[in-house]
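Asker: Once you've had a glance at the structure underneath, I'll fire off some questions.
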Amino acid sequence: MTHTNIKPVELEKAYRLLNHGPTVLVSAQNGKDVDVMAAAWACALEFSPAKVTVVLDKSTKTRQIIEQNGYFALQVPCFAQIDMTYQLGSISQFEEPDKLKICGTELFYPDDSGVPLVEGCIAWLICKVIPEPHNQQAHDLFIGSVIGAWADSRVFRDGHWHFSNVDNSLKSLHYIAGGTFYTIGDEVKTSL
Ligand SMILES: Cc1cc2nc3c(=O)[nH]c(=O)nc-3n(C[C@H](O)[C@H](O)[C@H](O)COP(=O)(O)O)c2cc1C
């Protein structure tokens, strides 16, 4: 897999990768334990230093790995990955140890943090957990400090998304329920 379109994103601009409310994939690794799950409840939290939130249910293996290792990545999948995204959100590795193989999920490592990223996505944020035991326990809410961000320059460059005039396959996914998503819609601008 070549990564010629993957370009670093300034951490101060990393919030824009999530500002439009995409469904994300959450990935994590602790030694030989590697998992990826879908998450609709991920959000930017602060511009600088860049922070994000994600809600991770206690039933998920991905959460267990994150609790052990203290790092995770959020990545923005695209329409080309809709089936994989839904499968990653429907199968638990607790029940299916071969989950990633079944889902056809391939990983790469952009730096030496050891956090795996999912091939074929359009943006990636590597995050270090800011431990907040009460929020994690009571609300399943995890806060991460963004330590690295990248995006596919075909759709994100100069600090902005450019979804107009790109193939549908590269558009972000926005979850409704029950296997239904929207792809990102038309760009419209205020006259102000
Ligand atoms: C589109 C979609 C969005 C989801 N969003 C969330 C979420 O925000 N938080 C969460 O805990 N689970 C969410 N889920 C469910 C998890 O992805 C699911 O429980 C997954 O199987 C966990 O896998 P794991 O146990 O291998 O980590 C979502 C599922 C789908 C299909």
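Asker: Search region 16-27 for residues being away from the ligand (no atom under 13 Å from the Cβ) and crowded, with 18+ Cβ neighbours inside 10 Å, and hand back the single one that is nearest to the chain's Cα centre (by Cα).
Answerer: Only one residue tops the list, namely L17.
Asker: Against the definition (buried (at least 16 other Cβ atoms within 10 Å of the Cβ) and either within 11 Å of the ligand (Cβ to nearest atom) or among the charged types (D, E, K, R) (or both)), how does Q81 come out, yes or no?
Answerer: Spelling it out, it is not the case that Q81 is buried (at least 16 other Cβ atoms within 10 Å of the Cβ) and either within 11 Å of the ligand (Cβ to nearest atom) or among the charged types (D, E, K, R) (or both).
Asker: Of the residues that sit in region 58-68 and are within 14 Å of Q93 (Cα to Cα) and surrounded by fewer than 16 Cβ atoms within 10 Å (Cβ to Cβ), which one is farthest from the ligand (Cβ to nearest atom)?
Answerer: K58
Asker: On to the next question. All but one of (1) at pLDDT 95 or above; (2) surrounded by fewer than 16 Cβ atoms within 10 Å (Cβ to Cβ); (3) part of a loop (DSSP other than H, G, I, E, B) hold for M1; state the number of the condition that does not hold.
Answerer: In the conditions (1) at pLDDT 95 or above; (2) surrounded by fewer than 16 Cβ atoms within 10 Å (Cβ to Cβ); (3) part of a loop (DSSP other than H, G, I, E, B), M1 misses (1) alone.
Asker: Restricting to region 84-101, name every residue that is closer than 29 Å to F163 by Cβ and more than 10 Å from the ligand (Cβ to nearest atom).
Answerer: Hit for region 84-101 is M84, nothing else.
Asker: With respect to the numbered conditions (1) in contact (Cβ under 8 Å) with a residue 24 or more places away in the chain; (2) away from the ligand (no atom under 13 Å from the Cβ); (3) closer than 21 Å to T4 by Cα, which one is the sole condition not fulfilled by V76?
Answerer: (2)
Asker: Looking for whichever is under 17 Å from the mean Cα position of the chain (by Cα), more than 17 Å from Q136 (Cα to Cα) and part of a loop (DSSP other than H, G, I, E, B) here; the options are S48, S113. Which one fits?
Answerer: From the options S48, S113, the qualifying one is S113.
Asker: Quick check on my filter: what residues within region 28-45 are free of Cβ contacts under 8 Å to residues at least 40 places away in the same chain, in a strand (DSSP E or B) and more than 7 Å from the ligand (Cβ to nearest atom)?
Answerer: Residues satisfying the conditions are N30, D33, C43, A44.
The values are calculated or read from the model by the stated rules, or taken from the named source; none is laboratory data. Keep in mind that this is a model prediction, so the values were computed, not measured. Backbone-built Cβ (ideal geometry, glycine too); neighbour counts: all protein chains shown.
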